[in-house]
Amino acid sequence: MGLLTRANRGATLAALCALALALPARALETDQYYAWLRPLADSSDALNAKINFELAAALDEINSANGGRAASCRDALEAIHDRYTLFIFQKIELWAQRTAVLNRIPATQAEELEYRKNWIYGGVAWYDLGRTVPPSPTIEIAGVRLGTDKISHFFSEGHYYLDWFDGARARGLSHDEAVEFAVRRGIAIETTVLGGVISGVISPADLEANYQGLSWYIDLCEGEQPLLERTDAGWKLREPFDLRPYVSPEWDESYLPNVVLDGRWKHVKPAILSHCPELDDPAVRARRAAYAARDEHTYTEKILDSMVTAGELRNPLDYGVERLCAAAAMQAARTDPANGSSRQ
Amino acid sequence: MPGRACAAINAPRKAFYRGDRLAFAARARFAHVVVAAALIAAATSASRAQEPASAPLTDQERLAAIDRELRRETEREHQLFGLARARVSYPQLASVGLGMLIGERSKAYDCTIQCEVDGWLASVEAGVGGAVWSLGPAYLIGELGDNKYFLSRRYMGYSVRGSVMRTWGDTPYRPDREWHAGVEGQFTVVSLNLTLGIYRRIGEHGHGEPWLFSGGIGWGF
């Protein structure tokens, strides 16, 4: 299929070894198109409150033994990581799908069942993993609509990135080189095993959340002023956690689209095309304009772009709603010139 | 007011007759909230008559409310769930089983959609080559869906259980009608169930190798 024409053997081997462990967050997909026309209040305060609630519990746990004096910063980091993650399904996401403190789409259990039928992956084959595991709902953080799976990616796969980063540092790579190594390994796993084999979906948005998770984990114990500091009372955070600076429009999968492999694409493409009329909705247009205004070429995007240019990855933008709708409108215009209003 | 309260009560019933039991459950809860709110409002309306309209929550009050809810979510309560599994295994060959999971879940929400349950699983399983009775701790992420007790979806779970097995019929490599006791572990991901166990023959009437290794693959938990 030419998806990844130059296989990174080391990364592929690592991917196979990590397969069972890394499956978790990738098992869950999400659909921000579904939420386009639905109002949704911001949940930043509530999500931050939960994350800080768990952070406090993790540090209490670490500090309960001898005031945390025997624990290293890494021990504290691991205790924090354990508060959010599990195996296959992540604790923080299980919470996000159920709690009353977050505003989310779908909001109720009845809506949840309707979402499972009508989300963009709802029409895939019966044996597809996407039908077997429940989709992640959409929440809004700092003006960005994102699937709750991104929180899992931040804490879970961000931690995998940290392990790869640490391994690279131990082998003598510089900080920047180690970051690039970790990100590239994450991309390689996404494009080969996780996206290429298991889910059939390669998600640049997930990769963005992974990278931001890595940034946060690194900042916990490294740098001139690590976020974790040892005090007489034990380990504590210099300031409360705030997810907002880490979130960008790239976390919205309807804005930075997924590459969907052929087997799934025939089902997913019509579902995305069904949202074409909604592109003219004022709320949708305003949101996408706001995204565009704050959009930056992120670290992960730069690497993905280089892979697209090198022919190692299909261009995610080819799977985006704008291009698909424009192509569909052009095709319709060619078929029926009298109906030829084409968008963009 | 009474008319509105009746309408609120009837709404979930109508939903139920439309066959949408989940909507029924959700609306029933909503209706109860509406009715409760109406009663509270009626009871306090006299005293409120002289008070100014309540102001929206300040940020501090809102964060305090979030914090209260987060603490409430950590409270747990017990619930009984039904489980089933079917598998191909040795020495039972083809078998089906039923189980009861008595577990703790968050008090803040039920298991209609995804929840995690931590508790004890008791099960009985009968197959072509024997039967197994098991009891042990289990952890499961699943959901009831539109069932009231039966966990219709099992996303991930594991258990380690003490088990007693009775073999019968044409069990390959084993004499039948033997009793064994042992430990069996099981792991389930998206309903794919894997089991592994080790047993030792109990009783005096057996002959041959006393240890028995079991394993299987199937559906359920």
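Rule-based calculations on the coordinates, nothing more; no lab input. Note that the coordinates shown come from a computational prediction; the quantities given were computed from them, not determined experimentally. Every residue, glycine among them, receives a Cβ derived from its backbone with ideal geometry; neighbour counts consider all protein chains shown.
A compact table of results
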read-out: Amide H contacts under 5 Å for B:L93, placed H, 5+ residues apart; value: B:G129
read-out: Nearest-0.05 FRET efficiency for A:A326 and A:S306, computed from C-beta distance (R0 22 Å); value: 0.30
read-out: Nitroxide proxy distance, nm - points 7 Å out along Cα→Cβ at A:L173 and B:V96; value: 5.3 nm
read-out: Gain in span if fully extended, A:D166 to A:R334, counting 0.36 nm per residue against the direct Cα distance; value: 55.0 nm
read-out: Per-residue HN-Hα couplings for region A:201-211 [Karplus 6.51, -1.76, 1.60; θ = phi - 60°; Hz; x = Gly/Pro]; value: 9, 9, 10, x, 5, 4, 5, 4, 5, 4, 5
read-out: For A:L313, distant residues with modelled amide H under 5 Å away; value: A:V308
read-out: Other-chain or far-sequence residues with amide H under 5 Å of A:Q32's (modelled H); value: A:E253, A:S254
read-out: Peptide A:104-111, shielding by other chains (average Cβ, 10 Å cutoff); value: 4
read-out: Region B:76-220: Rg to Rh, with Rh as the Kirkwood radius over Cα pairs; value: 1.03
read-out: Shielding score for A:85-91, defined as the mean number of other chain Cβ atoms within 10 Å; value: 4
read-out: Under Karplus coefficients 6.51, -1.76 and 1.60, residue-wise ³J(HN,Hα) of region A:139-154 in Hz, glycine/proline x; value: 10, 10, 10, 6, x, 10, 8, 9, x, 5, 5, 5, 5, 4, 4, 4
read-out: Packing rank of A:73-84, A:167-178, A:107-118, where each peptide gets the mean count of other beta carbons within 10 Å, highest leading; value: A:73-84, A:107-118, A:167-178
read-out: Highest average packing first - A:63-72, A:88-97, A:256-265, A:206-215, Cβ atoms within 10 Å; value: A:206-215, A:88-97, A:256-265, A:63-72
read-out: Average beta carbon contacts from partner chains per residue of B:64-73, 10 Å cutoff; value: 5
read-out: Average projection area in nm² (convex hull over Cα atoms of region A:186-325, one quarter of hull surface); value: 11.0 nm²
read-out: Protection proxy ranking of B:116-124, A:283-291 - average other beta-carbon atoms within 10 Å, highest first; value: B:116-124, A:283-291
